[in-house]
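Trainee: I'd like to ask you about the structure that follows.
The values are calculated or read from the model by the stated rules, or taken from the named source; none is laboratory data. None of the values given here were measured: they were computed from a predicted structure. Note that we place each Cβ from the backbone using ideal geometry, even for glycine, and neighbour counts take in every protein chain shown. Protein only, heavy atoms only, side chains kept; ligands, DNA and RNA dropped before computing areas. Shrake-Rupley method; radii C 1.70, N 1.55, O 1.52, S 1.80 Å.
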Amino acid sequence: MIAAERDARFREIRDKVEAEERLSLDDGIFLYDPSVSLQAVGELANFVRERLNGNVGYYNINTHLNPTNVCVYRCRFCAFRKDLRDEKGYAMTDEQILERGREATANGCTEMHIVGGLHHQRKYEWYRGIISLLKENFPQIHLKAWTAVEIDWFRFQTKKDFRWVLEDMREAGQGSMPGGGAEIFHPEVRDQLCEHKANTPSWIEIHKTAHQIGMKTNCTMLYGHVEKAYHRIDHLMRLRELQDKTNGFQVFIPLAFHPENTGLSDLKKPSGLMDLRTVAVSRLMLDNIRHIKAYWIMLGIETAQTALAYGADDIDGTVRHELIYHDAGAKTPEFLSVEQIQHLIREAGREPAERDTQYNHIIRDENDFTKWRTGESVDAISPSAA
Ligand code: V47
Ligand code: SF4
């Protein structure tokens, strides 16, 4: 395409975005073309980001819990999983789990992000028990737990259906679902990465069922490995289609592939430019998902800060005990303090605001930081007022 044609095509897309018209598969693929100015794509995504979320940069105070790293599956991109007899394999005891709850409470966490491996020998009751143990002892902490891959496994274990599993887990205390396990939906790619675990129709069905029972969920895309732009846009469009039906996704998180210690360690990590372009294109394609998260653990602090001007409005949380990315070579710190998070958002020219998992404002007790109450939904406040 010659430069004049490219400029005309970009103007066409810009007009659509300004008129709040939906972008097509071809539009998305075009925006991924390296000859299309990243800055121009970023500016357009920033326009949408400010239209939706004003000048705010959201964060939360959270911690991670990976109850086991032993996993029956062998996803090629995963450095976290271990074999049953591997000396580095673990399964946490109730006391270790309770200790994490106590630590989270002392740090003022509003959320525990709970995901792990599918352990060969642990029954459904063990997984359910983790949720009920935490909920009974730390009722205020929201449990964002189990990816669709785990829910699919629980269905296999219990021989019930997705709805039964989700309702049973909700009764135990699960509050919402994280977005993992989506990887890339297109079978040309998914079959190369993780052909045995929950397939695309199951992932979609599980999130749809969660939304139908009133449980909010997140969604992700793992990029920067063997996929092409077509597969990424196809993935985003499948998420957009489900969101049209259910409106149950709270936030989209693009996940940059980290190759170290994985079955794809010969690949290079995606560049910062690719990270920013993916944030921006996601913001532009996902016109019905309100928030885009630039997960600092995965992007690195500098890129996450820059992403706040390329379509992202959230950078996740303080995050303690993260293993999935650090096992795969992430060089980011183990956690950030609230002051550090707020500082990095301000440095990026945005106004920091603490939210809970479900995007409500959090109001902290002035005299005791570890105490809080939930305010109104951040989405109820118009961006111009924010
Ligand atoms: O499903 C695993 C990905 C996901 C690697 O919902 C990898 O708020 C890159 O879903 N390189 C789990 N990615 C993490 C996840 C997540 C993270 C942060 C916030 C939320 C949320 C969800 O991590 C997996 C897989 O897609 N993953 N290994 C790797 N080597
Ligand atoms: Fe197991 Fe999840 Fe790793 Fe796949 S990504 S091997 S399901 S822990």
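Trainee: Condition first: assigned to a helix (DSSP H, G or I), more than 16 Å from ligand 1 (Cβ to nearest atom), without any contact (Cβ under 8 Å) to a residue 60 or more places away in the chain and more than 15 Å from Tyr73 (Cα to Cα). Can you find one or more residues in the stretch 174-188 that meet it? If you could, list the steps in order and put the result at the bottom.
Mentor: Going residue by residue through the stretch 174-188, those that are assigned to a helix (DSSP H, G or I) are 187-188.
Subset that is more than 16 Å from ligand 1 (Cβ to nearest atom): 187-188.
Applying the additional criterion that residues be without any contact (Cβ under 8 Å) to a residue 60 or more places away in the chain yields 187-188.
Next, from what is left, pick out any that are more than 15 Å from Tyr73 (Cα to Cα): 187-188.
Yes, some residue in the stretch 174-188 is assigned to a helix (DSSP H, G or I), more than 16 Å from ligand 1 (Cβ to nearest atom), without any contact (Cβ under 8 Å) to a residue 60 or more places away in the chain and more than 15 Å from Tyr73 (Cα to Cα).
Trainee: Only one of Asp327, Asp316 is at positive phi, among the charged types (D, E, K, R) and within 13 Å of ligand 1 (Cβ to nearest atom); which?
Mentor: On the way: Asp327 fails: at positive phi.
Result: Asp316 is the single residue among Asp327, Asp316 that is at positive phi, among the charged types (D, E, K, R) and within 13 Å of ligand 1 (Cβ to nearest atom).
Trainee: What number of residues within the stretch 96-109 are surrounded by 18 or more Cβ atoms within 10 Å (Cβ to Cβ), part of a loop (DSSP other than H, G, I, E, B) and away from ligand 1 (no atom under 16 Å from the Cβ)?
Mentor: Residues of the stretch 96-109 surrounded by 18 or more Cβ atoms within 10 Å (Cβ to Cβ): 97, 100-101, 104, 108-109.
From what is left, the residues that are part of a loop (DSSP other than H, G, I, E, B) are 108-109.
So of that shortlist, the ones also away from ligand 1 (no atom under 16 Å from the Cβ) come out as 108.
Number satisfying all stated conditions: 1.
Trainee: Let me ask you something else. Determine whether Ile315 is modelled with pLDDT of 90 or more and of a type in the set (A, V, I, L, M, F, W, C). Quick ask: steps written out before the conclusion?
Mentor: Numbers: modelled with pLDDT of 90 or more: yes; of a type in the set (A, V, I, L, M, F, W, C): yes.
Yes, satisfied.
Every residue, every condition in (1) open to solvent by 30 Å² or more (accessible area, probe 1.4 Å); (2) at positive phi; (3) not hydrophobic (A, V, I, L, M, F, W, C), yes or no:
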{"residue": "Met112", "(1), (2), (3)": "no, no, no"}
{"residue": "Ile141", "(1), (2), (3)": "no, no, no"}
{"residue": "Ala145", "(1), (2), (3)": "no, no, no"}
{"residue": "Val149", "(1), (2), (3)": "no, no, no"}
{"residue": "Arg155", "(1), (2), (3)": "yes, no, yes"}
{"residue": "Met169", "(1), (2), (3)": "no, no, no"}
{"residue": "His207", "(1), (2), (3)": "no, no, yes"}
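Trainee: Tally the residues that are among the charged types (D, E, K, R) and crowded, with 20+ Cβ neighbours inside 10 Å, restricting the search to the stretch 49-68. Show your work before the answer.
Mentor: Within the stretch 49-68, the first condition is being among the charged types (D, E, K, R), and the residues that meet it are 49-51.
Imposing the further condition that a residue be crowded, with 20+ Cβ neighbours inside 10 Å reduces the set to 49.
Residues meeting the conditions: 1.
Trainee: Could you pull out the residue among Asp368, Asp356 that is at pLDDT 90 or above, surrounded by fewer than 19 Cβ atoms within 10 Å (Cβ to Cβ) and of a type in the set (D, E, K, R)? It would help to see each step written out before you state the result.
Mentor: Numbers: Asp356 fails: surrounded by fewer than 19 Cβ atoms within 10 Å (Cβ to Cβ).
Sole residue among the options that is at pLDDT 90 or above, surrounded by fewer than 19 Cβ atoms within 10 Å (Cβ to Cβ) and of a type in the set (D, E, K, R): Asp368.
Trainee: Please specify each residue of the stretch 304-339 satisfying the condition of being of a type in the set (Phe, Trp, Tyr) and under 21 Å from Glu260 (Cα atoms).
Mentor: So the first thing to find is which residues in the stretch 304-339 are of a type in the set (Phe, Trp, Tyr), and the list is 310, 325, 335.
Listed by number, the residues that qualify are Tyr325, Phe335.
Trainee: Also, I was wondering about something else. Give me the residue from the stretch 261-320 that is away from ligand 2 (no atom under 16 Å from the Cβ), part of a loop (DSSP other than H, G, I, E, B) and among the small types (Gly, Ala, Ser) and, out of that set, surrounded by the fewest Cβ atoms within 10 Å (Cβ to Cβ).
Mentor: Ser271
Trainee: Kindly provide the set of residues from the stretch 110-133 that are away from ligand 1 (no atom under 16 Å from the Cβ) and within 22 Å of the chain's Cα centre (by Cα), ordered by number. Don't jump to the end; show me each part of the working.
Mentor: Residues of the stretch 110-133 away from ligand 1 (no atom under 16 Å from the Cβ): 119-133.
Tyr127, Ile130, Ile131 - these are the residues of the stretch 110-133 that are away from ligand 1 (no atom under 16 Å from the Cβ) and within 22 Å of the chain's Cα centre (by Cα).
Trainee: For the condition within 16 Å of ligand 2 (Cβ to nearest atom) and more than 20 Å from His258 (Cα to Cα), what is the one hit in Met237, Met177? Give the steps one after another, and end with the answer.
Mentor: Values: Met237 fails: within 16 Å of ligand 2 (Cβ to nearest atom).
Only one candidate qualifies: Met177.
Trainee: For a quick check of your reading of the model, give me the residue pairs whose first member lies in the stretch 43-55 and is within 14 Å of Val279 (Cβ to Cβ), whose second is surrounded by fewer than 23 Cβ atoms within 10 Å (Cβ to Cβ) and among the small types (Gly, Ala, Ser), with beta-carbon atoms closer than 6 Å and at least 6 apart or on different chains.
Mentor: Correct list of pairs: Asn46/Ala309.
Trainee: Which residue is farthest from ligand 2 (Cβ to nearest atom), if the candidates are limited to the stretch 70-95 and must be open to solvent by 10 Å² or more (accessible area, probe 1.4 Å) and in contact with a Lys or Arg (Cβ under 6 Å, 6 or more places away or on another chain)?
Mentor: Lys88
Trainee: Quick check, is Asp191 without any contact (Cβ under 8 Å) to a residue 12 or more places away in the chain and away from ligand 1 (no atom under 13 Å from the Cβ)?
Mentor: Values: without any contact (Cβ under 8 Å) to a residue 12 or more places away in the chain: yes; away from ligand 1 (no atom under 13 Å from the Cβ): yes.
Yes: the conditions hold for Asp191.
Trainee: Okay, moving on. For the stretch 1-12, indicate whether the set of residues that are among the β-branched types (Val, Ile, Thr) and surrounded by 14 or more Cβ atoms within 10 Å (Cβ to Cβ) is non-empty.
Mentor: Looking only at the stretch 1-12, we keep the residues that are among the β-branched types (Val, Ile, Thr), and these are 2.
Those left that are additionally surrounded by 14 or more Cβ atoms within 10 Å (Cβ to Cβ): none.
No - not one qualifying residue is present in the stretch 1-12.
Rundown of residues vs (1) part of a strand (DSSP E or B); (2) touching a residue at least 60 places away in the same chain (Cβ under 8 Å), yes/no style:
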position	(1), (2)
Ser202	no, no
Ala210	no, no
Leu222	yes, yes
His225	no, yes
His231	no, no
Asp234	no, yes
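Trainee: Out of the residues in the stretch 63-93 that are outside any loop (DSSP other than H, G, I, E, B) and within 28 Å of Val338 (Cα to Cα), which is nearest to ligand 1 (Cβ to nearest atom)? Can you show your working first?
Mentor: Initial filter on the stretch 63-93 (outside any loop (DSSP other than H, G, I, E, B)): 63-65, 68, 70, 82, 91.
Filter once more, so that each one left must be within 28 Å of Val338 (Cα to Cα): 63-65, 68.
Numbers: Thr63: 12, His64: 9, Leu65: 13, Thr68: 15 Å.
Result: His64.
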